[in-house]
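Step one of this worksheet: look at the structure below.
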Amino acid sequence: MKKIKINMLSNADSVDGQGVGSAYLEQVSLIRDELKDDFEVVINNSKPADIIHCHTILPKYLIQMKRNKSVNVAYVHFLPDTLDGSINLPKSALSVFKKYITYFYNTADYLIVVNPIFIEDLVSFGIHRDKIRYIPNYVSKDAFYKENDDSIEKTRQDYGINKDAFVVLGVGQVQTRKGVKDFVEVAKQLPEMTFVWAGGFSFGKITDGYEELKEIYNNPPQNVKFIGIIPREKMNHIYNIADVLFMPSYNELFPMAILEAVNSQKPLLLRDLNLYKDILFQKYLSDISNEGFVNKIKELQTNQELYNLYSHYSQEISEYYSKENVKKIWKDFYNSIVKNKKISHK
């Protein structure tokens, strides 16, 4: 049987420290390595393919989709509204960019969302409901896993962290919407603990709140370490030195950091957002205020039974997003859209 050829269009891995890049690498690896008998994967190719799958929204990919006579698929890694709090552009420019995103998404035959809660949001932006499909993110357990004590102790030494310290980890770009300022304010109230933020300014000076955040980044409290953008192949070490993953983001789709951290069985403390409820099955701690975050971190430090429970919950989340489950969803999806295209052209 002839393989289905998929042309993956992306520059998502051109900048370190972006979840979009991590999601792209995992998805391509899954199809290329696990479904190689069914699909041929090419990257940023100009030749015809059975499916064009866009992972990023560059204008040149839009042009390629519009010229394409086969099936077009686009990943939804962010909604137009998630730009607010991420990048600082003039209102007129931001408005034009949001309209471009909507146009890009509508040009595709199918859109992939990583969280079903965002289907209604896309419809509200004028996207046709019948083209939207939900397929969750996936993280390889070969790349992200629980390390042994010796490895953890060595990484802590590398970063000047006491082997007995209780470490609270935040991961993501340094942006207003990621809750970086709240992360630091919580750290100030827990001076006996070590707070580590892995991530940097991927958008540079157009990052929303850049000047204020850069000042915090360069002059953090004594118990806060900003360790910058970490290459993805080294991020497993960072998750393992943590005792808890603390993500105070105000707006997300499905952070890859969560899927990566649960593979090392770290308890999750998240802002109480509706978007997490269906995809994490209430198996995480949450709150809406810095005071609440402080109290829950203290509980995780002092209550071993609670800590073990949420560590186990993270393991359960990890098991749900298994390779076999997500692989089958992608196989069925790609086969069905090519089949439907052929039927529609008869």
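Do we find a residue being over 29 Å from Glu153 (Cα atoms), surrounded by fewer than 16 Cβ atoms within 10 Å (Cβ to Cβ), assigned by TED's automatic domain parsing to the domain that holds Met193 and among the small types (Gly, Ala, Ser) anywhere in segment 284-295?
Narrowing segment 284-295 to residues over 29 Å from Glu153 (Cα atoms): 287-292.
Next cut, surrounded by fewer than 16 Cβ atoms within 10 Å (Cβ to Cβ) only: 288-289, 291.
So of that shortlist, the ones also assigned by TED's automatic domain parsing to the domain that holds Met193 come out as 288-289, 291.
Filter once more, so that each one left must be among the small types (Gly, Ala, Ser): 289.
Yes, segment 284-295 has at least one match.
Between residues in segment 179-191 that are part of a loop (DSSP other than H, G, I, E, B) and residues that are of a type in the set (S, T, N, Q), which pairs lie under 9 Å by C-beta distance while being six or more apart or on different chains?
That search, which allows pairs on different chains as well, returns Gly179/Ser249; Gln189/Asn290; Leu190/Asn223; Leu190/Gln301; Pro191/Gln222; Pro191/Asn223.
Determine whether segment 259-275 contains at least one residue that is closer than 30 Å to Asp50 by Cβ and either buried (at least 18 other Cβ atoms within 10 Å of the Cβ) or in the same structural domain as Phe118 (by TED's automatic domain parsing) (or both).
The answer is yes; a qualifying residue exists.
Can you tell me which residue among Ser314, Ser336 is at pLDDT 95 or above, surrounded by 20 or more Cβ atoms within 10 Å (Cβ to Cβ) and either in the same structural domain as Phe183 (by TED's automatic domain parsing) or out of contact with any Leu (no Cβ under 8 Å at 6 or more places or on another chain) (or both)?
None of the other options fit; the residue is Ser314.
Restricting to segment 300-311, name every residue that is surrounded by 14 or more Cβ atoms within 10 Å (Cβ to Cβ) and more than 26 Å from the chain's Cα centre (by Cα).
Of everything in segment 300-311, those that are surrounded by 14 or more Cβ atoms within 10 Å (Cβ to Cβ) and more than 26 Å from the chain's Cα centre (by Cα) turn out to be Gln301, Leu306.
Please state which one of Asp50, Asp121, Asp109 is closer than 29 Å to Pro248 by Cα and surrounded by 15 or more Cβ atoms within 10 Å (Cβ to Cβ). Write out each step before concluding.
Working: Asp50 fails: closer than 29 Å to Pro248 by Cα; Asp109 fails: closer than 29 Å to Pro248 by Cα.
After applying the criteria, what remains is Asp121.
Can you name the residue in segment 317-332 that is among the polar types (S, T, N, Q) and either assigned to a helix (DSSP H, G or I) or more than 24 Å from the chain's Cα centre (by Cα) (or both) and is also surrounded by the fewest Cβ atoms within 10 Å (Cβ to Cβ) among such residues?
So the residue we want is Asn325.
The values are calculated or read from the model by the stated rules, or taken from the named source; none is laboratory data. The shown structure was predicted, so the numbers you read here are calculated from the model rather than taken from an experiment. So basically every Cβ, Gly included, is an ideal-geometry build from the backbone, and we count neighbours across all protein chains shown.
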